[in-house]
Structure formats: C-alpha cells, structure tokens
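The values are calculated or read from the model by the stated rules, or taken from the named source; none is laboratory data. Because the structure is predicted, anything quoted here is derived from the model rather than measured. All Cβ positions, even for glycine, are placed from backbone atoms using ideal geometry, and neighbour counts span all protein chains on display. Surface areas here come from the heavy atoms of the whole protein model, side chains and all, with no ligands, DNA or RNA. Shrake-Rupley method; radii C 1.70, N 1.55, O 1.52, S 1.80 Å.
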Amino acid sequence: MTRKEIIDRLESVEREVKEIREYLSQNDSEQVTPVGFSLPLESDFKVGYTLEDLYREFGKKKSLAYRLKSALKKQNIKTLEEFLSLTPGELLDLEGVGYDTLLRTKKTLSKLGIDW
C-alpha cells in the first residue's frame, strides 16, 4: 500500500467516524429506551422490506450483515419494524455490533429509502 493510499484510507475512516458522531449526537437529546425494551409500534406502520432485504443489501460486507443478524437474533428482533425501533446507540450496545456495522446499516437503510 502506498503512502497516498494509506492517507486516503485514513481520511475516509475519519470522515466515517465524524459522520457517526454527528448522527449519534443528534439522537442524544432523544429519550433512550434500554435494549430489550422496544417502543410500541403503530399497527399501521409497515415498511416494504424485511430484515433479509437489509442483510442482502450489505453487498460485499457479508461479515457485517452476519454480525447484525446474530445480534438481532439474540435480542429476538425478527422484523425490520422491530429493528427500526432501536436507536443507533442501542444498536451499538448490542454484542458484536461496532461502528463499521452501524455505518453500513445506516448506508444500507438509506439505499432502501428508509430514514433511521
């Protein structure tokens, strides 16, 4: 890897970390629900996608999709609607979920047209 490639990669990582921090700081003012307690969803709230669609959209990042899937399974989260009731901070609190998984999840949801 050349010096320029290393610097470019470092700048990319720094931008991603900054984006995550900004996103999390926006949600700091919201009331946080502890993991394991889901917010009640309105019965007419429907997303046109499933968790399987979300995992599939991770593309080449299959390991991140697997981590997310395992973490959600441990929390007995079976639908995308249940997943969307989590905050990004709550997702980070799950075992096996880190910043890379959070960032990829956020980008994947955006590709699906879902604001989270």
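One residue stands out among those in region 63-116 that are of a type in the set (G, A, S) and not in a helix (DSSP H, G or I): the one that is surrounded by the fewest Cβ atoms within 10 Å (Cβ to Cβ), which is G113. Restricting S70, S43, S29 to residues that are among the polar types (S, T, N, Q) and at pLDDT 90 or above narrows the list to S70. The single condition from (1) surrounded by 14 or more Cβ atoms within 10 Å (Cβ to Cβ); (2) at pLDDT 90 or above that F58 fails is (2). Applying the set (1) among the aromatic types (F, W, Y); (2) open to solvent by 80 Å² or more (accessible area, probe 1.4 Å); (3) at pLDDT 90 or above to F37 leaves exactly one unmet item: (3).
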